[in-house]
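Notes follow the structure.
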Amino acid sequence: QFDPHWKEGRNTIVHLFEWKFRDIAEECEKFLAPRGFAGVQVSPVTENVIIKNRPWWERYQPVSYIIESRSGNESEFAEMTRRCNAVGIRIYPDVVINHMSGARGYGLAGSEAKTEIFSFPAVPYSNLDFNTGCSINNYDNAIEVRNCALSGLPDLNQGKEYVRDKIVEYLNRLIDLGSAGLRVDACKHMWPGDLEIIYKRLHNLNTSHGFPENARPFLTQEVIDLDSHPNGRTISKYEYIGLGTVTEFKFSAEIGKLFNGKNQLQWTRNFGSDWGMLPSDRALTFVDNHDNQRGHGAGGADILTYKNPRPYKMATAFHLAWPYGISRIMSSFAFDNTDEGPPMDDKGDIISPKINEEGACTNGWVCEHRWRQIYNMVEFKNVVKDTPVANWWDNTKNQIAFSRGNRGFIVFNGDNFDMNEWFTTGLPAGIYCDVISGSKNGTSCTGKSMTVFDDSRAFVSIANSDEDGVRAYHIGAKL
Ligand code: ARE
Ligand code: CA
């Protein structure tokens, strides 16, 4: 449950937030596989209640476990996992098992949510399957956080065998259909002991999708915990790392502060567990997620998003260059207000992204994963795999540089003055293409290049007026 089952030579999960299954399948084949990505997190797939104006968050209110959402139905889901697995891209659906819909009404498959009597006939769940009578106000009270309603959402009782059976049956269907793992929503609100029972009953991954025998599903559990300590009073992320990986929200908050000028890059030298973050192999890391990019969840104003492209790209470059965590990239749709749903037509159906000549998304989709500065860093991470950080340099402020063994070298200028420096790069002599300002194209570089001399030294400058405050070089982009 800790292994994301990435194909050899691949890394990074991209959250294709609200994408339709058919579009995901095409993206796996046309873009993600050739660019060295490893997997896709998919928005919740079950039938959800339909809410007026169709906010994105209606998908976190399940009505049944029928696979039918605005992203597609069960056969389209199966087609997606088949096509993506065929090109080595893993699929991880987001699963909502803490609660059911808080809003009364119907789902896309026609099932009803009779919330006033806690009845969800399409599962079926009745009032006997829920914790009723309280809602979460005090996050310091673990019993309340686990056994009361989160934002008014009817709270399932996973202590009950019947409820566990229904959940396990649903999750096993996703696994049998070719998923490589799951993003489990709202784990803070479920008892680790109940989750353990549920997880133990999950099937091994489906070998007909190319997974080895006895492969356990990858689990990444959403637990928002910015500051707890292993034996602290409040619910802690450490309670869950024996069961699977955990979303490391502290990474998101700290990297935001580093690149929005509230902290200094010189301190990143020991970025990782020393900062109160989880052990690297248990941490799902991200610069922003679908909640905190719009002020839901945690992190507040410190979180960087596509709306601040220069620091966002620098933070993402650091995320992918620094050897810590299991990386996930956010791929957004453009939004102005926090409730706004994905690009949709008059009927509320999702409009597919279109790709322009430059390879960027249009039609209201941002597609950060298609930004050159971001996908080229996914390649950087593949090229430097397993090499240690070496040749650290900093200016005692916000300019830093380091190499990854003798395979990659990266420089950041986070100060508000220009940088002109000689560095020891760790790289063999030669001319290297900066994969941030451009890409290697045959024998030439569409961006700025760097000459490494026989002593491994090179001169790099980054001006404040430059489009990006980072340059990255690796042996795969040697000219
Ligand atoms: C919506 C409306 C509510 C309404 C409710 C029921 O916004 O006003 O009461 O529906 O009708 C998402 C949205 C919610 C939305 C929900 C259901 O973010 O706004 O509610 O869908 O449609 C806590 C949880 C954490 C959770 C965050 C958002 O611990 O698990 O809140 N994150 C996940 C998902 C969300 C999703 C849900 C859970 C629910 O990623 O997208 O909600 O399925 C501190 C605490 C954190 C706490 C945080 C915010 O930091 O430490 O634990 O996170 O505050 O309260
Ligand atoms: Ca609960």
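The values are calculated or read from the model by the stated rules, or taken from the named source; none is laboratory data. Given the structure is predicted, the values throughout are model-derived calculations rather than measurements. Virtual Cβ from ideal backbone geometry, glycine too; neighbours counted across all protein chains shown. Just so you know, the surface numbers come from the protein's heavy atoms only, side chains and all, with ligands and any DNA or RNA stripped out. Shrake-Rupley method; radii C 1.70, N 1.55, O 1.52, S 1.80 Å.
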Q. Where Lys and Arg each count +1 and Asp and Glu each count -1, what net charge lies around Q266 among other residues with Cβ under 9 Å from its Cβ?
A. +1
**Q.** Relative contact order for the chain, counting Cα pairs under 8 Å that sit 6 or more residues apart, in percent
**A.** 12
(Q) At R0 = 30 Å, how high is the FRET efficiency between W267 and R310 if r is their beta carbon distance? Nearest 0.05 is fine. (A) 0.90
Q: Mind jotting down the distance between the C-alpha centroids of region 83-105 and region 340-415, whole Å?
A: 24
**Q.** In sequence order, calculated HN-Hα J values of region 106-113 (Karplus, 6.51, -1.76, 1.60; Hz; x Gly/Pro)
**A.** 10, x, 4, 8, x, 6, 9, 10
Q: Scan around Y65 for amide H atoms under 5 Å from its own, H built in the peptide plane at 1.01 Å from N, and keep only partners 5 or more places away or cross-chain.
A: none
Q: With a 1.4 Å probe and every protein chain kept in, tell me what percent of the accessible surface of region 250-405 is carbon plus sulfur.
A: 46
Q.
Out of all DSSP beta bridges in the chain, what portion is antiparallel? Express it as a percent rounded to 5.
A. 65
**Q.** Separation in nanometres of the label points that stand 7 Å from Cα toward Cβ, at R82 and W191
**A.** 4.2
Q: Provide the solvent-accessible area of D274, counting protein heavy atoms only and rolling a 1.4 Å probe, rounded to the nearest 10 Å².
A: 120
Q | Residues in region 27-65 reached by a label modelled at N337 [backbone nitrogen below 17 Å; 7 Å Cα→Cβ] | A | 51-58
Q. What ranking, highest mean first, results for peptides 251-264, 156-169, 173-186 when packing means the other Cβ atoms within 10 Å averaged over each residue?
A. 173-186, 251-264, 156-169
Q | Integer Hz, Karplus 6.51/-1.76/1.60 couplings in order for region 124-136, x for Gly and Pro | A | x, 10, 10, 4, 5, 9, 10, 7, 10, x, 8, 10, 7
**Q.** ³J(HN,Hα) computed for each position of region 409-419 - Karplus, 6.51 cos²θ - 1.76 cosθ + 1.60, integer Hz, glycine/proline x
**A.** 8, 9, 10, 10, 10, x, 8, 9, 9, 5, 10
Q) Any idea how far apart N141 and S444 come out in nm if each label point goes 7 Å out from Cα toward Cβ? A) 6.9
Q.
Quick check: net charge around T207, other residues with Cβ under 15 Å of its Cβ, Lys/Arg +1 and Asp/Glu -1?
A. +1
Q. Could you give the length gained on full extension between T451 and A390, defined as 0.36 nm per residue of separation minus the Cα-Cα distance, in nm?
A. 20.1 nm
Q. R0 = 45 Å: FRET efficiency of N127 with L226, Cβ-based, nearest 0.05?
A. 0.80
Q) So, counting K/R as plus one and D/E as minus one, what does the shell of residues with Cβ under 12 Å around R54 add up to? A) -3
Q.
Show me, bin by bin at 5 Å from 0, the whole-percent P(r) of region 315-453 based on Cα pairs.
A. 2, 9, 14, 18, 17, 13, 10, 7, 5, 3, 1, 0, 0
**Q.** Filter on K250/K478; K385/K440; K385/K478; K52/K313; K7/K30; K166/K188 - keep pairs with C-alpha separation over 26 Å
**A.** K250/K478; K52/K313
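Shape verdict for region 95-218, please, from the Cα gyration tensor: rounded (a/c under 1.5), prolate (a/b greater than b/c) or oblate.
In terms of gyration-tensor shape, oblate.
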Q. What trypsin sites (Lys or Arg not before Pro) in region 1-70 are in a loop by DSSP, with at most 11 other Cβ atoms within 10 Å of the Cβ?
A. K52
**Q.** Computed lengthening from A429 to N363, 0.36 nm per intervening residue step minus Cα-Cα distance
**A.** 19.3 nm
**Q.** Ratio Rg/Rh, restricted to the chain and using Cα atoms, in which Rh is the Kirkwood radius
**A.** 0.98
Q: Give me the percent of the accessible area of region 1-89 that comes from carbon and sulfur atoms, probe 1.4 Å, all protein chains in place.
A: 48
Q: Return one whole number: the accessible area per residue of the chain in Å², for a 1.4 Å probe.
A: 38
Q. For L16, which sequence-distant residues (separation of 5 or more, or a different chain) have an amide H within less than 5 Å of its own amide H, given hydrogens modelled in the peptide plane?
A. Q41
(Q) At 222 nm, what value in deg cm²/dmol follows for the chain if DSSP H runs of at least 4 each add -39500 (n - 2.57) and the sum is divided by all its residues, to the nearest 500? (A) -5500 deg cm²/dmol
